[in-house]
Amino acid sequence: MLHRTLNPADLSDLDLIQTHCYSASMLESADVFAGRLEAAPDWIWGIQDDEGLCAYLFTYPVHRGHLSPLNSGFHPAPDGDTLYLHDLAIHPRARGHGLAHRLIRHAWDSAQTAGLRHSALISVQDSERFWTAQGYRTCTDLNDHQHACLASYEQPARYMTRALA
């Protein structure tokens, strides 16, 4: 399986994967995906199998405590200290092969190389246990803006962080 950065030619495959992984209220548009690919091209990766793209991870550098609402654009912070994992999805045909872990480890390695010290995400669709197993912990001390960002997702949605070093 080939691991690579993603580009606009992958938009139809990205849409296909997300439709297999998320409920209708969680789907994001091709325009949003395209904007993210443009904003953070070095921070978005996928894995391709014999049938095409089968997994992806959208990330970007931010300041600790930043949350991205659903369907929002990416605004990378060049001086950020945190890698924000916005979207990890694995097509059902590719599940059970460790692709999520492979993408996450690659993201962490890239973040540490870039000098980022933390990672953060919003856990959705009952994925909190998965992320806890990856070393993330749920943050409950959130401000009003952070709560508003969480509210844009199907509930329950949890903000989670972990140290990278």
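The values are calculated or read from the model by the stated rules, or taken from the named source; none is laboratory data. Quick caveat, the model's predicted, so the values are computed rather than measured. With ideal geometry, Cβ positions are generated from the backbone for all residues, glycine too; neighbour counts draw on all protein chains shown. Surface areas here come from the heavy atoms of the whole protein model, side chains and all, with no ligands, DNA or RNA. Shrake-Rupley method; radii C 1.70, N 1.55, O 1.52, S 1.80 Å.
For the reader, a short list of remarks on this structure follows.
- Once the stretch 103-135 is narrowed to residues that are open to solvent by less than 30 Å² (accessible area, probe 1.4 Å), touching a helix residue (DSSP H, G or I) at 6+ places or on another chain (Cβ under 9 Å) and in a loop (DSSP other than H, G, I, E, B), the residue that is farthest from Tyr159 (Cα to Cα) is Leu116.
- Lone unmet requirement of (1) open to solvent by 70 Å² or more (accessible area, probe 1.4 Å); (2) closer than 23 Å to Ile17 by Cβ for Ala100: (1)
- In the stretch 21-42, the residues that are in a loop (DSSP other than H, G, I, E, B) and surrounded by 13 or more Cβ atoms within 10 Å (Cβ to Cβ): Tyr22, Leu27, Glu28, Ala40
- Qualifying residue in the stretch 78-87 (condition: surrounded by fewer than 16 Cβ atoms within 10 Å (Cβ to Cβ) and modelled with pLDDT under 95): yes
- Cβ-Cβ contacts under 9 Å between residues 6 or more apart (or on different chains), taken from a first residue in the stretch 48-74 that is closer than 24 Å to Glu154 by Cα and open to solvent by 20 Å² or more (accessible area, probe 1.4 Å) to a second residue that is of a type in the set (Ser, Thr, Tyr) and not in a strand (DSSP E or B), are listed as Pro69/Ser152; Pro69/Tyr153; Leu70/Ser25; Leu70/Ser152; Leu70/Tyr153; Asn71/Ser29; Asn71/Ser152; Ser72/Ser152.
- Any hit, the stretch 136-145, residues being surrounded by 19 or more Cβ atoms within 10 Å (Cβ to Cβ) and among the aliphatic types (A, V, I, L, M): no
- Considered as a group, the residues in the stretch 1-20 that are over 21 Å from Arg105 (Cα atoms) and of a type outside the set (S, T, N, Q) include one that is least open to solvent (accessible area, probe 1.4 Å), and that residue is Asp10.
- Residue that is nearest to Gly115 (Cα to Cα), among those in the stretch 130-165 that are among the small types (Gly, Ala, Ser) and free of Cβ contacts under 8 Å to residues at least 60 places away in the same chain: Ala165
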